[in-house]
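Engineer: Just dropping this structure here.
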Amino acid sequence: MARLKRLVIPSFWRVARKENKWVVAPRAGPHKKFESVPLQVLLRDVLKIDDKGKDIRTIIKKGEIVVDGRKRKDHAYPVGLFDIVSIPALDKNYRAVPSKNTMSFIEIPKSEAKVKICRIQDKTIIAGGKVQLNLHDGKNVIVDKDEYKTGDSLLMEVPSLKIVEHIKLEKGAVGMVSRGKDSGSIGKVKEIIVTATKDPTKLIYEKGEGEDETLKDRFFVIGKSKPLITVKEAD
């Protein structure tokens, strides 16, 4: 079993620093190692379903935990940004969302447990002239028409990956900053700045009565005029 020292793990894992020296490492998969949390740690330390790792592993092996509509029986399965974790036995559903300098897990209504926002990271033309959209969470979806752009988002049913709505990254769209010091900030796209150099494309978004700037690759559109999903805890 691959392990990590507690001293190097991300703060959003919520693991107590002075307890055991080692923590289970996330399995290689749809999310990067330090941008995800292994299922066992999520259930024990973040959601606090049970405080014993052995009991948590038993729950997982029984297929009682669902991620994006599929049962996951691997305790090291990596859960990352905008993934949906469901615990049917408790009638609880959670979504991983960006928050200040980190990532948080918020409880969401059951009506949202079957839909997920995915960002288009890349696209490829495949046999027959169809287009394969490569999404931020490692999923791929094939479409007939090339009407999607990198940076756009898709509201999708899970696990079927049926596209419910196409959300373009354009002026007026609502999104969240997914990484960095402004992680979790929500605002409307004001301007997309494409440079003539190798510098990355930047984006200016309206936030409250002001505005801010971030990299295009860090902005995750979540709605055309308002968020299509719950991304913050209720006040």
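Any read-out appearing in this document is the output of simple, stated calculations on the displayed coordinates, not a laboratory observation. What you see is a predicted model, and the numbers here were worked out from it, not measured in a lab. FYI the Cβ positions are ideal-geometry reconstructions off the backbone, even for glycines, and counts take in every protein chain you see.
Engineer: How high is the relative contact order of the chain, in percent, counting Cα pairs under 8 Å that sit 6 or more residues apart?
Structural biologist: On the way: 513 pairs, mean separation 30.5, N = 235.
Relative CO of the chain lands at 13 percent.
Engineer: Which whole-Hz ³J(HN,Hα) couplings does region 208-220 yield from phi under the Karplus relation 6.51 cos²θ - 1.76 cosθ + 1.60, θ = phi - 60°, glycine and proline marked x?
Structural biologist: x, 9, x, 8, 8, 10, 8, 6, 4, 5, 9, 9, 10
Engineer: By count of other Cβ within 10 Å, fewest leading, how are 133, 228 ordered?
Structural biologist: Details: 133 23, 228 19.
Neighbour counts put them in this order, fewest first: 228, 133.
Engineer: Another question about this same structure. Going by how many other Cβ atoms sit within 10 Å of their own, how do 14, 119 line up, fewest first? Present the calculation step by step, with values, prior to reporting the outcome.
Structural biologist: Working: 14 18, 119 23.
Starting with the residue having the fewest Cβ neighbours, the order is 14, 119.
Engineer: Compute the Rg to Rh ratio over region 41-113 from the alpha carbon atoms, using the Kirkwood formula for Rh, and round to two decimal places. Could you put the intermediate results ahead of the total?
Structural biologist: On the way: Rg = 11.7 Å, Rh = 12.4 Å.
My calculation puts Rg/Rh at 0.94.
Engineer: How would 124, 197, 230 line up from fewest to most surrounding beta-carbon atoms within 10 angstrom? Intermediate values should be presented prior to the final figure.
Structural biologist: Details: 124 11, 197 5, 230 16.
Fewest-to-most Cβ neighbours within 10 Å comes out as 197, 124, 230.
Engineer: Please list 3J(HN,Hα) in residue order for region 73-86, calculated via the Karplus relation 6.51 cos²θ - 1.76 cosθ + 1.60 where θ = phi - 60°; whole Hz, with x for glycine and proline.
Structural biologist: Taking θ as phi minus 60°, the curve returns 9, 9, 5, 9, 4, x, 9, x, 3, 6, 5, 10, 10, 10 Hz for region 73-86.
Engineer: For every helix of n ≥ 4 consecutive DSSP H residues, a contribution of -39,500 (n - 2.57) applies; sum these over the chain, divide by its total residues, and give [θ] at 222 nm rounded to the nearest 500 deg cm²/dmol.
Structural biologist: Working: 1 runs with 9 residues, N = 235.
Per the formula, -1000 deg cm²/dmol.
Engineer: Test of understanding: in a Gaussian network model of the chain with alpha carbons linked when under 10 Å, which of 79, 46, 174 would top the mean-square fluctuation ranking?
Structural biologist: Of 79, 46, 174, the Gaussian network model singles out 46 as fluctuating most.
Engineer: Let me understand region 115-167 better: what is its radius of gyration from the alpha carbons, and its Dmax, in angstrom?
Structural biologist: When restricted to Cα atoms, region 115-167 yields Rg and Dmax of 10.1, 29 Å.
Engineer: Near the amide H of residue 169, under 5 Å away, which other amide H atoms are found, from residues 5 or more places off or on another chain, if H is placed in the peptide plane?
Structural biologist: Amide H neighbours of residue 169, under 5 Å, 5+ apart: 152, 153.
Engineer: Cα-Cα over 31 Å: which of 61/123; 33/190; 116/190; 92/149; 54/216; 33/202?
Structural biologist: On the way: 61/123 35 Å; 33/190 33 Å; 116/190 25 Å; 92/149 34 Å; 54/216 42 Å; 33/202 26 Å.
Result: 61/123; 33/190; 92/149; 54/216 exceed 31 Å.
Engineer: Here's something else I'd like to know. Placing +1 on the Cβ of each Lys and Arg and -1 on the Cβ of each Asp and Glu in the chain, which of 26, 166, 150 has its Cα farthest towards the positive end of the resulting dipole?
Structural biologist: Working it through, the farthest residue towards the positive pole turns out to be 26.
Engineer: Taking just the alpha-carbon atoms of region 11-143, what radius of gyration and Dmax come out, in angstrom?
Structural biologist: Gyration radius and largest Cα-Cα distance of region 11-143: 15.9, 57 Å.
Engineer: Name the most mobile residue of 152, 91, 122, meaning the one with the largest mean-square fluctuation, in a Gaussian network model of the chain with Cα contacts below 10 Å.
Structural biologist: Among 152, 91, 122, the largest GNM mean-square fluctuation belongs to 91.
Engineer: I've got another one for you. Which distance in nm do the two modelled labels at residue 70 and residue 225 give, with both placed 7 Å along the Cα-to-Cβ direction?
Structural biologist: 3.7
Engineer: Also: Across the Cα atoms of region 174-223, what radius of gyration and what greatest pairwise Cα-Cα distance (Dmax) are found, in Å?
Structural biologist: In order Rg, Dmax, the Cα atoms of region 174-223 give 10.4, 32 Å.
Engineer: A further question follows. How high is the FRET efficiency between residue 126 and residue 194 when r is their beta carbon distance and R₀ equals 25 Å, given to the nearest 0.05?
Structural biologist: On the way: r = 27 Å, r/R0 = 1.08.
Result of the calculation: an efficiency of 0.40.
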